[in-house]
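Q: Sharing a structure here in structure tokens format.
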Amino acid sequence: MGAAAAVLESCGEPLCVFGTGDLGRSLGQRLLQSGYKVVYGSRRPDSCGPIPPGAQVMNHAAAAQSAGIVFICIHREHYGFLQTLAPQLKGKVLVDVSNNPEKDLFPEANAEHLQRLVPEAFVVKALNTLSAWALQNGPLDANRQANQAVSQVCTRLGFSVLDRGSLSASRELEDFPLQLFTEWRLPLSIALGLTAAFFFYLLIRDVLYAYVNNGKNMSFRIMVSLANQVFPIVSLIMLALCYLPGVIAAGFQLYRGTKYRRFPDWLDRWMLCRKQMGLVALGFASLHVLYTLIIPIRYYVRYKISESVISKVLENRTSEFSNIWAWRSDSYLAMGILGFVLFVLLGITSLPSVSNALSWREFSYIQSKMGYVTLFLCTLHTFLYGGDRFLRPSTYKWYTVPGYMLSLVVPTVVLLLKLLLLLPCVDHHLTRIRRGWERSAPLDHSQILSKERS
């Protein structure tokens, strides 16, 4: 390994990355920020998708010859072409960063398989516990003496140090104090827009309608009743909007037959603020819970209850217990409680102090699979709340649809689209695309070699 150690100490030689997917791009960007030269190896150098500014892209053979260390950021099923590059990879350090979707999927580890394919290279297993997100946003180690000296001073001052790498990151740091809720602007704008729209919509239905048609002054409902209708509506729609971009992105990948083409800018921006959108939704859900808890102590509610009791006593009548209404009420409350608890769990795991303690698979499981369960429970909670009200003509005041019915549109669409993506034929095809398969991709080296042999 003496030659490999010498390569590691070389600062002028570029580092090579095979693969231009999410992990490859994130790793290359991180290496560039740390002061390294980066060259990408791609089967389609002219149309491999966006790469970090400052990096070069070549075919696999040329990229391998130009570097001493090669990061293999591709899935195991695509390793075959590396065998044809054995002459170019001889004596090189190959860093295998791959993982498998399941345990014991293959008889040997990916790194062992790679070493067998390229026996004269030095294979190292590393960085496989990091996700693309962690590579983009995680801390960098201080490798230079100047950084270490400044870090020691800052640490003694009582500050936590985050080394962002070389001076190439200085522009980002200089612009940082000028930012004002950059990642929160879109979620807050959407939340304020939805709140205003539904508030005035419900104001017309519940307050103005009662005054015009029945001459009743119901303006007092604005403070609690109206607010407690708006909060859950906005919360449910915002939660659905956290998962809608993922479904849209899957649709783009299925339509294009590749994961290497960049998403539209509006979709990129939408996906980057999903965490903030979810936390805003959680805030509205928490307000809904608090407002619901104070309902029994409201003057209007206590007045209506006492009025109902007195009138029944005077008329000497009672209301029969309805088992159906009891089931509906308890189910509605149970779905709301379970949905809110999972909602809180999603919010807690999105905090950096908690997410940093989770592996990428654990974090993805909670935010994705458990997130869809949360969306389903909250949507079911709203369906049970409405019940059969949609069948009553009196529900449609001035021929308008109730607010809770409007709030069900987006989450229902998201859940139905997700069910379509979970169909085995669709899911298998999407999984292949996300692991590097392309519909119109040219034959790779291993395919060409097998055709020649046959």
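Q: Can you tell me which of Tyr255, Tyr299 is surrounded by fewer than 16 Cβ atoms within 10 Å (Cβ to Cβ) and farther than 27 Å from Val409 by Cα? Working first, answer last.
A: Details: Tyr255 fails: farther than 27 Å from Val409 by Cα.
After ruling out the rest, the residue left standing is Tyr299.
Q: Assigned by TED's automatic domain parsing to the domain that holds Val410, at pLDDT below 95 and not in a helix (DSSP H, G or I): does that describe Phe263?
A: Details: assigned by TED's automatic domain parsing to the domain that holds Val410: yes; at pLDDT below 95: yes; not in a helix (DSSP H, G or I): yes.
Judged against the criteria, Phe263 is a match.
Q: Name the pairs: first residue in the range 247-274 and closer than 26 Å to Ser42 by Cα, second residue loosely packed, with under 14 Cβ neighbours inside 10 Å and small (Gly, Ala, Ser), Cβ to Cβ under 8 Å, at least 6 apart or on different chains?
A: Qualifying pairs under 8 Å: Gly257/Ser440; Thr258/Ser440.
Q: OK, next. If you go through the range 117-129 one residue at a time, do you hit one that is crowded, with 16+ Cβ neighbours inside 10 Å, hydroxyl-bearing (Ser, Thr, Tyr) and either assigned by TED's automatic domain parsing to the domain that holds Leu31 or in contact (Cβ under 8 Å) with a residue 60 or more places away in the chain (or both)?
A: no
A quick yes/no check of all residues on (1) modelled with pLDDT under 95; (2) more than 25 Å from Cys273 (Cα to Cα):
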residue: Ser350; (1), (2): yes, no
residue: Ser355; (1), (2): yes, no
residue: Phe363; (1), (2): yes, no
residue: Gln367; (1), (2): yes, no
residue: Met370; (1), (2): yes, no
residue: Leu377; (1), (2): no, no
residue: Arg389; (1), (2): yes, yes
residue: Thr395; (1), (2): yes, yes
residue: Thr412; (1), (2): no, no
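Q: Output the residues belonging to the range 385-410 that are within 15 Å of Ala210 (Cα to Cα) and in contact (Cβ under 8 Å) with a residue 60 or more places away in the chain. Break it down stepwise before answering.
A: Filtering the range 385-410 for residues within 15 Å of Ala210 (Cα to Cα) gives 394-400, 402.
Within the range 385-410, Lys397, Trp398, Thr400, Pro402 meet the criteria.
Q: Residue under question is Ala62, and the condition is that it be without any contact (Cβ under 8 Å) to a residue 24 or more places away in the chain and either more than 22 Å from Tyr260 (Cβ to Cβ) or among the charged types (D, E, K, R) (or both); does it hold?
A: Working: without any contact (Cβ under 8 Å) to a residue 24 or more places away in the chain: yes; either more than 22 Å from Tyr260 (Cβ to Cβ) or among the charged types (D, E, K, R) (or both): no.
The answer is no for Ala62.
Q: Which fully enclosed helices (runs of 4 or more DSSP H) of the range 12-129 have 1 or more residues being aliphatic (A, V, I, L, M) and over 23 Å from Arg432 (Cα atoms)? Break it down stepwise before answering.
A: Values: elements: 22-33, 60-66, 86-89, 110-117.
Those helices (runs of 4 or more DSSP H) span 22-33, 60-66, 86-89.
Q: Follow-up. What pairs come up if the first residue lies in the range 72-88 and is touching a residue at least 12 places away in the same chain (Cβ under 8 Å), the second is outside any helix (DSSP H, G or I) and acidic (Asp, Glu), and their beta carbons are under 6 Å apart, counting only those six or more places apart or on different chains?
A: From residues that are touching a residue at least 12 places away in the same chain (Cβ under 8 Å), the pairs are Ile72/Asp96; Phe81/Asp444.
Q: Something else now. Restricting to the range 355-386, count the residues that are closer than 30 Å to Val207 by Cβ and touching a helix residue (DSSP H, G or I) at 6+ places or on another chain (Cβ under 6 Å). Spell out the reasoning first.
A: Looking only at the range 355-386, we keep the residues that are closer than 30 Å to Val207 by Cβ, and these are 378-386.
When the remaining residues are screened for being touching a helix residue (DSSP H, G or I) at 6+ places or on another chain (Cβ under 6 Å), the result is 378-382, 384-386.
The number of residues fulfilling the criteria is 8.
Q: Can you name the residue in the range 405-441 that is among the hydrophobic types (A, V, I, L, M, F, W, C) and in a loop (DSSP other than H, G, I, E, B) and is also nearest to His381 (Cα to Cα) among such residues? Let's see the steps before the verdict.
A: Quick first cut of the range 405-441, residues among the hydrophobic types (A, V, I, L, M, F, W, C) only: 405-406, 408-410, 413-417, 419-423, 425-426, 430, 433, 437, 441.
Checking the rest, the ones that are also in a loop (DSSP other than H, G, I, E, B) come to 408, 422-423, 437, 441.
Details: Leu408: 10, Leu422: 23, Leu423: 25, Trp437: 40, Ala441: 46 Å.
Checking each candidate, the answer is Leu408.
The values are calculated or read from the model by the stated rules, or taken from the named source; none is laboratory data. Keep in mind that what you see is a predicted model, and the values were worked out from it rather than measured. In this analysis, Cβ positions are derived from the backbone assuming ideal geometry, glycine residues included, and neighbour counts consider all displayed protein chains.
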